[in-house]
Amino acid sequence: MNNQNDDCDSLNFSPDPTWDYYLLWCQLQRIKAQIDMASIVIGQVECANTATDNETRRLLLKPFEGLENILDQFHPDGDEEVVA
């Protein structure tokens, strides 16, 4: 098991840690949770406002950066492995 992602064990469904995409799966689950939090924030207000816009932007910045990092690991030719 990879100690770097022990917190993945607390998720509802956690695949086998020896799975090739395990680390990537864990990263995507964290990103999804962050996006879900932003969705909750905007779902709690009736009218758009600057404070909610700023909070949503703040909440989405980290998962956006995380997705960019993940995408940078994939090679367009598909010949090389993902480095997580």
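Bear in mind these aren't lab numbers, they're just calculated from the coordinates by the rules spelled out. In this text the structure is predicted, and so the values were computed from the model without any measurement.
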Hz values of 3J(HN,Hα) by residue in region 15-28 - Karplus curve (6.51, -1.76, 1.60), Gly and Pro given as x: x, 4, x, 8, 4, 4, 9, 4, 5, 5, 4, 4, 4, 5
³J(HN,Hα), Karplus 6.51/-1.76/1.60, whole Hz, each residue of region 50-56, x for Gly, Pro: 4, 4, 5, 4, 5, 5, 5
